[in-house]
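The values are calculated or read from the model by the stated rules, or taken from the named source; none is laboratory data. Computed from a prediction, not measured in an experiment: that's the story for all the values here. Ideal geometry is used to build each Cβ from the backbone, glycine not excepted, and the neighbour counts take in all protein chains shown.
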Amino acid sequence: MREYWQKKPLLMRQAIPNFRPPLDGNEIAGLACEEDASARIFVREGDDEQSWRKKIGPFEESDLTSLPEDKPWSLIVNDLDVQAQPFGDMLELFNCFPRWRISDIQASVSPDGGGVGPHSDHFDVFLLQAEGEKVWAVADNEEYWPDNDAAFVPECEIRVLKSFVEDDSFTLVPGDMLYLPPKIAHNGVATNSKPGVSVTLSIGFLAPTTDELVLSYTQRASEKLKGSRWSDPWLKPVEDVGAISAESITYASEIIKRTYPKNDAEVARWFGCHTTARTGEDDDADENEVSIEELLAAWEHQGLVAREDLRFAFVEKVADDSLKNALFFANGECWDVVSPAAVKTATVIANRGELYEEDTQTEECDFDDEALKLALTLFERGYLYFPEDEDD
Ligand SMILES: [Fe+2]
């Protein structure tokens, strides 16, 4: 990581020897037809990069069976880690990265010649070849950076570079993986996939923008100020009606400073909520009331599993030591966790996504109210569930 992460591309030949993808191209196409699928199809209608067309899913089977044989296309399916458990399990291969930094696993399914055109984006991405082969041409060229609108084909349905001269190119076979840092321009073209398709899995990391972070923090901080107003009993008669006085500026500056975090603990409370909040609100969270006894009885047979589409995290310490106890975050909410057993519970959920009764116990304590209460609350909200119940 010291040498490559966010710095330069890295080709890893046979990063996963004998790699067998959890689902094949056909099965991934099946996922693209599911109601909650996040999927797109790109087709290049003509010979030039201007002729790319985009269609947004979810798709009907007929959309996929009618894809042209004589034109390059690509089916892109996102959020596979949420949609299919075996892809979710694949994230364990990336356990050296904090989970909150990982965006999703995406698949690109294409026949020979297919791709999405030369482009650059803001993702750190690990391109893992799953089926067939793909030739990746890359260019580390400031001209091609994603914010340079002039470099991209105007009014095109997808973002493709007008011209693209590669520095290097690599042919990836199943099990090979290519890491690309953000902004590096790339063009992947499927090859040698006949009679099937080429499937690339992209494990993507999209860093939050700093304006998004500042906006999110100030939004939250400003909620505490709701209802209070500018107040100026110190106002004196003015000579220039058009002037804004120095006192007014000082007072405005004090108002702004009141929203600043006092310490890292305050920042941690916001940051954990921000990074675990998924966009799109959760309306299917029906609360089911359960007693601790009922939970414990059910727990004897199986483990609780964290909902795959939610994010969980914890903070145990901050640099300025201002945090008195650990914080646990689930789906944009924060819990203070104090007892060692509760801290263990929180860390197991966030690290492993699975929770057994013994995870709520420590050597010193085999029944901890706080730990069990946390598990119970998350279960009642549907954030943790018993997978067997789901199958019924
Ligand atoms: Fe890309």
Selection from the range 43-54 of residues touching a helix residue (DSSP H, G or I) at 6+ places or on another chain (Cβ under 7 Å) and without any contact (Cβ under 8 Å) to a residue 40 or more places away in the chain yields GLU45
So how many residues does the range 293-333 have that are touching a residue at least 60 places away in the same chain (Cβ under 8 Å) and β-branched (Val, Ile, Thr)?
1
Six or more apart or on different chains, Cβ atoms under 6 Å: show the pairs whose first residue is in the range 123-139 and within 12 Å of the ligand (Cβ to nearest atom) and whose second is part of a strand (DSSP E or B) and hydrophobic (A, V, I, L, M, F, W, C).
PHE123/LEU206; ASP124/PHE205; VAL125/LEU180; PHE126/MET177; PHE126/ILE203; LEU127/LEU178; TRP136/PHE170; TRP136/LEU178
If you take just the strands (runs of 3 or more DSSP E) that sit entirely in the range 23-90, which of them hold at least 2 residues that are of a type in the set (D, E, K, R)?
38-44, 52-56
Any idea which of SER216, SER228, SER193, SER222 is surrounded by fewer than 18 Cβ atoms within 10 Å (Cβ to Cβ), small (Gly, Ala, Ser) and part of a loop (DSSP other than H, G, I, E, B)?
SER228
Name the residue that is farthest from TRP335 (Cα to Cα), counting only residues in the range 348-392 that are in a loop (DSSP other than H, G, I, E, B) and under 25 Å from the mean Cα position of the chain (by Cα).
PHE386
Which of the numbered conditions does GLU287 fail, given that it passes all the others? Conditions: (1) part of a helix (DSSP H, G or I); (2) acidic (Asp, Glu); (3) in contact with a helix residue (DSSP H, G or I) (Cβ under 6 Å, 6 or more places away or on another chain).
(1)
GLU61 vs (1) over 19 Å from SER193 (Cβ atoms); (2) within 16 Å of the ligand (Cβ to nearest atom): all pass except (2)
Give the residue, chosen from ILE249, ILE244, that is outside any loop (DSSP other than H, G, I, E, B), more than 30 Å from GLU69 (Cβ to Cβ), over 33 Å from the mean Cα position of the chain (by Cα) and not assigned by TED's automatic domain parsing to the domain that holds ALA107.
ILE249
Taking the range 172-214 as the region of interest, how many residues are within 15 Å of the ligand (Cβ to nearest atom) and farther than 22 Å from THR275 by Cβ?
15
I'd like the residue in the range 151-196 that is among the hydrophobic types (A, V, I, L, M, F, W, C) and more than 21 Å from VAL125 (Cα to Cα) and, out of all such residues, is modelled with the lowest pLDDT.
CYS156
Among the listed residues PHE152, PHE94, identify the single one that is among the aromatic types (Phe, Trp, Tyr), away from the ligand (no atom under 15 Å from the Cβ), touching a residue at least 12 places away in the same chain (Cβ under 8 Å) and out of contact with any His (no Cβ under 7 Å at 6 or more places or on another chain).
PHE94
Which of (1) over 22 Å from the mean Cα position of the chain (by Cα); (2) buried (at least 17 other Cβ atoms within 10 Å of the Cβ); (3) under 24 Å from ALA265 (Cα atoms) does SER322 not meet, given it meets every other one?
(2)
Does ARG40 satisfy the condition of being at pLDDT 95 or above, in the same structural domain as LYS162 (by TED's automatic domain parsing) and not aliphatic (A, V, I, L, M)?
yes
